[in-house]
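One structure is given here, and the rest of the page talks about it.
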Amino acid sequence: MDDILFLAHRVPFPPNRGDKIRAHHLLKKLAQIGRVHVGCFAESDEDRAGEGDLRAITASHRIVDRTKPLILAGIEAVISRKPVSLTAFHSNSLKNWVRDTIAERAITTIVIFSGQMGQYIPDDFAGRVVVDLCDVDSAKFENYAASGQRVWLNNREAQLLAGQEEQLARRADATILISEAEAALFRSRLKSAPSANVQVIGNGIDAAFFNPNAAAPHEEINARSGPHFVFTGQMDYSPNETAALWAIDAFLPCIRRTFPGAELHIVGRNPTKRLLAQDRAPGLTIWGEVPDVRPFIAAADFVVAPLMIARGVQNKVLEAMAMARPVLLTPEAATGIDARDGEQWLLCMADPDAMAERVRTLLSDPNAAAKLGTAARQFVLDNHDWGAMLAPLEALVGAKGAEAKDAA
């Protein structure tokens, strides 16, 4: 195998948020296949601290600080008639490094992680190109606009990103989506690339790390009566913020009418001002960033994921299932995970009364929650091991360009 160029929009270390977790495991798999050269962006000291880990696994790398203010990226996007997502991740320094690396190394394959990085594929590159879009970003921005969020801006972003996704599908030997549902949606939106090779590689889970025997319940939470409901995630991400606010405003008061000791715990970095303003609500604790999310999951009677907008596969759901906790989630949060309602999780519309009833029913049977959690963990072990998830990647990366396009 010759050399592989891997371009990601964030440093894949530490693997502590959904996109970085997937990029991290993709990189580890690629490093088993061949020599890997990585170009990526850093947004924080934590990202930059991952350079040592990146150096240990790569033949060469380049980390570029992403310091461009969003308002400047927006101005550039309007002038250039490009998506804000692309201008926000544009760097002449990284572009030059990509060209130099291709010229100096035996790069036969470029692997792109996230559509923003597609702009770095040179027009004259003759090797294989594999693009992992994860999910359909253009559809996500359409959903934002439909929900009333920055309607003009999000509609513009959706339209321009759809064009970018179309171009990448035509250019790539294989385009990867995170679930069959996302792949079907992506195919349905293609106009000029109907024969694009669209493949599915789902998200995996490190079940040895997310193991109920590997982390004790959080002592402070465990000492209180509960029941305890935990919601995890990057809390400045709009769908997570919206879901957390719904859980605070709608679900928590409802569940406390049935269980007066019920508590909701919001766990994840960068809680927004709107979330922090709620921190004194009865039964609510907003923990913010924590060094290890597992004790919070272990202390939960239920992990909740009441997402209204979601794309791809939710790592938060797989992590909770791997920890053998009962998961109460909406259909949006269930996308891409083929678990069964009532057997491996509890699926419910975003209706606080209906959710409260499902909680009451489960808690009325002392053995039901443990049985549900055990089945959830076994489902993850059987269906979402990272090794099994990434097995198709080797063929996509190692096949000849024409063969890869015919692989569908």
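Here are a few things to note about the model shown:
- Note on the chain: helix-only mean residue ellipticity at 222 nm, from DSSP H runs of 4+ residues weighted -39500 (n - 2.57) and normalised by residue number, equals -12500 deg cm²/dmol.
- Scattering profile of the range 1-140 at q = 0.12, 0.16 Å⁻¹ [log10 I(q)/I(0), Debye over alpha-carbon scatterers]: -0.46, -0.83
- Radius 11 Å from Cβ of TRP97, net charge of other residues (Lys, Arg +1; Asp, Glu -1): +1
- Environment charge of VAL380, counting only residues whose C-beta is closer than 12 Å and scoring Lys/Arg +1, Asp/Glu -1: -3
- The range 107-170, accessible surface, carbon-and-sulfur percent (1.4 angstrom probe): 47
- Each Lys or Arg adds one and each Asp or Glu subtracts one; over the other residues with Cβ under 15 Å from the Cβ of ILE337, this totals -4.
- For the range 243-387, the fraction of 1.4 Å probe accessible surface lying on carbon and sulfur atoms is 50 percent.
- Residues with amide H under 5 Å from that of ALA299, placed H, sequence gap 5 or more: HIS218
- Solvent exposure ordering (accessible area, 1.4 Å, most first) of GLU332, GLU182: GLU332, GLU182
- Based on protein heavy atoms only, the range 99-165 ends up with 42 Å² per residue of surface accessible to a 1.4 Å probe.
- Accessible surface, the range 211-350, averaged per residue in Å² (probe 1.4 Å): 39
- Selection from GLY39, VAL151, LEU27 lying farthest towards where the dipole of the chain points positive, charges on Cβ: VAL151
- Size of charge dipole - the chain - debye, nearest 20, with Cβ of Lys, Arg +1 and Asp, Glu -1, no other charges: 580
- Across the range 335-349, computed HN-Hα scalar couplings (Karplus, 6.51 cos²θ - 1.76 cosθ + 1.60, θ = phi - 60°) run 4, x, 10, 8, 6, 10, 4, x, 10, 10, 6, 10, 9, 7, 5 Hz from first to last residue, x flagging Gly and Pro.
- Lysines whose Cα lies under 17 Å from that of LYS20, excluding same-chain neighbours fewer than 8 positions away: LYS28, LYS29, LYS316
- Over the C-alpha atoms of the chain, the Rg to Rh ratio, Rh being the Kirkwood estimate, stands at 0.97.
The values are calculated or read from the model by the stated rules, or taken from the named source; none is laboratory data. All values derive from a computational prediction rather than experimental measurement. Methodologically, a virtual Cβ is constructed for each residue, glycine included, from the backbone with ideal geometry; neighbour enumeration extends over all protein chains shown. These accessible areas exclude ligands, DNA and RNA; they are computed on the full protein's heavy atoms, side chains included. Shrake-Rupley method; radii C 1.70, N 1.55, O 1.52, S 1.80 Å.
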